[in-house]
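Structure first, then comments.
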Amino acid sequence: MSTISLDDDLILEYLAESREHLATIETDLLTIEQAGAAIDEQLVNRVFRAAHSIKGGAGFFDLLVIKQLGHKTESVLDLIRSGQMIPDSAIVSILLMAFDKLRSLIQDYRSSNDADISEFTAALDRLTEEHLSPEKKNSPHEILAISIPNTSRQLQSSAFDLDQARRGGKSVYVIEYDLIHNIQRRGKTPLEVLNNLIKCGDILLTAFDLDSAGTLDDEPSNKLLFDVLYATVLDRHSISEILDVPLEQIHGIESGAAKASTGPAAVSVEPVQKESPRASAPAPVAAGPSEPISKPLPSAGPSEPVARPAPAAASAAPVETTVRLNVALLDSLMTLAGELVLGRNQLNEAVRNDDQQGIRSGTHRVSLVTSELQEAVSLTRMQPVASLFSKFPRLVRDLANELGKEVQLKLEGGDVELDKTILEGLSDPLTHMVRNSVDHGIERPADRIAAGKPALGTVILTAKHQAGQVMIEISDDGKGLSGQK
């Protein structure tokens, strides 16, 4: 259990980081889908790290449902990045839905622990099991107890997680953190520690030992223990130096159910139970961040036909309350603010001395700096249209699948900037127009081939400057609409 309040700045920082991780997920997953077997390992690893970071922080803040869904999503992505799973359309659809759900859980994080994610986890579990070798198919349900040396504490991990963690030459360790002595008194934050762990390896699971803090009836022990099951290519001494953890608080776990580590104390690992595999529940249908699941999607087995998911509701996403700013613009604002303070001081001095020339000069300077500051502040609302365009590839993909069409979307002029409010206002009408192009403009593959066109239709979404205005244009190479009709 976490001792962090849901209003604490730390959890708000974690949520902001999680939203940042999710910002480019759709684009990355669609790129992974297009690449198919030609996997871009760096791109897959970026998506994996997003899920991994969300899971790691959620465990610390006791957001258990977010942690569970992040973990299941991470397992599928781990199979993709290791080459054990080839990401086809059905697999990517399930991942997109899982990240949709993660986004909605993070948006409503206060009640996230009450959310039902069984359909999502069942779909992800099924993907995992279908792509494991026969002897490993039960490993996600085989739970191992890992005893921490010289204590009565245990961590529980699936055999699957340990097997995957050791792929690529990684070793598995238990790291004992004291949140008071190892983190707080060294001027660190738990989120900073988690991020450093993620940079150097993979967090398999985390656990608090609240009993270590003592009770109101007993003398407190002045410590709060936080255990991390961790996989990394680093050795114990490197972990100690890089992560600033005492060597005696790092325990290695060798392969095998009961092999001891070469550390200062043995770490025992033994099976404690085998979970019953979940019944083969239907996978969730693609939905917007706040939509309920309404239709089943058949298993995404390699030889089975897959029902086309419904398109995501592009306009259902909540309005963003934050903006990203260029550092150069922030520096300019700081400079102008400093000049405004200096001008104010000079004007006050001139008024005190009844210096009419100084008053006129100071007033002119303050006026000039204020105008420049107003212009710079207005620029903070300018955002590239790419932030709006980025949701349309998913919309076109899902709608084309639903309609049995082959459609590609080309985006041009994503660096053109518009006021944030205008961008938000354009979301719904642009969504409607893009849907019309796919639904009514682009023909079915057979009709296009009969008309001498390639089966793959193209929709082009362009933003450009023209005569002092920003023009946004949607075009397609379909049959067009009947003007008379």
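Throughout, read-outs are computed from the coordinates displayed, never taken from laboratory work. Bear in mind the structure is a predicted one, so any value in this text is a computation, not a measurement. Every residue, glycine as well, gets a Cβ built from its backbone with ideal geometry; the counts of neighbours run over all protein chains shown.
The table below gives the values:
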{"quantity": "Net charge of Cβ neighbours under 14 Å - reference Arg46; Lys, Arg +1; Asp, Glu -1", "calculated": "-4"}
{"quantity": "FRET efficiency estimate (nearest 0.05) - Cβ-Cβ, Gln42 to Asp235, R0 22 angstrom", "calculated": "0.30"}
{"quantity": "Percent RCO, i.e. relative contact order, over region 384-476, from Cα pairs under 8 Å lying at least 6 residues apart", "calculated": "34"}
{"quantity": "Length-normalised contact order for region 324-447 - Cα pairs under 8 Å, 6+ apart - percent", "calculated": "24"}
{"quantity": "Fully extended contour minus Cα-Cα distance, from Val470 to Gln84, at 0.36 nm per residue", "calculated": "134.3 nm"}
{"quantity": "Calculated FRET value between Asp415 and Arg435, using beta carbons and R₀ = 22 Å, to 0.05", "calculated": "0.30"}
{"quantity": "Ranked packing of 461-472, 66-77, 176-187, most packed first, by mean Cβ within 10 Å", "calculated": "66-77, 176-187, 461-472"}
{"quantity": "Distance from region 386-436 to region 40-92 (C-alpha centre basis), Å", "calculated": "26"}
{"quantity": "Computed lengthening from Gln357 to Asn345, 0.36 nm per intervening residue step minus Cα-Cα distance", "calculated": "2.8 nm"}
{"quantity": "Nearest-0.05 FRET efficiency for Thr27 and Lys137, computed from C-beta distance (R0 30 Å)", "calculated": "0.35"}
{"quantity": "Value of Rg/Rh across region 327-380 [Cα atoms, Kirkwood radius]", "calculated": "1.09"}
{"quantity": "Antiparallel %, DSSP beta bridges [both residues in region 376-485], to 5", "calculated": "65"}
{"quantity": "Mean separation of Cα contacts under 8 Å, 6 or more apart, over the residue count of region 8-131: relative contact order %", "calculated": "29"}
{"quantity": "Convex hull of Cα atoms in region 384-476, direction-averaged projection (nm²)", "calculated": "6.1"}
{"quantity": "Computed label-point distance, nm, for sites Thr335 and Arg19 using a 7 Å Cα→Cβ extension", "calculated": "3.0"}
{"quantity": "Residues with amide H under 5 Å from that of Glu142, placed H, sequence gap 5 or more", "calculated": "Ala159, Phe160, Glu275"}
{"quantity": "Karplus 3J(HN,Hα) series, Hz, for region 227-236 with 6.51 cos²θ - 1.76 cosθ + 1.60 (x for Gly, Pro)", "calculated": "9, 10, 8, 9, 10, 7, 7, 6, 8, 4"}
{"quantity": "Nonlocal amide H pairs with Ala23, under 5 Å, H built at 1.01 Å", "calculated": "none"}
{"quantity": "Around Glu349: net Lys/Arg minus Asp/Glu count, Cβ-Cβ under 13 Å", "calculated": "+1"}
{"quantity": "Principal axes of region 1-101: Cα extent on each, largest first, Å", "calculated": "44, 21, 21"}
{"quantity": "Alpha carbon centroid spacing (whole Å) that separates region 98-166 from region 448-474", "calculated": "44"}
{"quantity": "Neighbour net charge for Ser332 - beta-carbon separation under 13 angstrom, K R +1, D E -1", "calculated": "-4"}
{"quantity": "For Tyr177, residues with placed amide H under 5 Å, excluding near neighbours", "calculated": "Phe226, Asp227, Val228"}
{"quantity": "Backbone HN-Hα couplings from phi across region 384-389 [Karplus 6.51/-1.76/1.60, Hz, Gly and Pro as x]", "calculated": "x, 5, 4, 5, 7, 5"}
{"quantity": "Unit charges on C-beta of K, R, D, E only; dipole of region 415-485, Debye", "calculated": "380"}
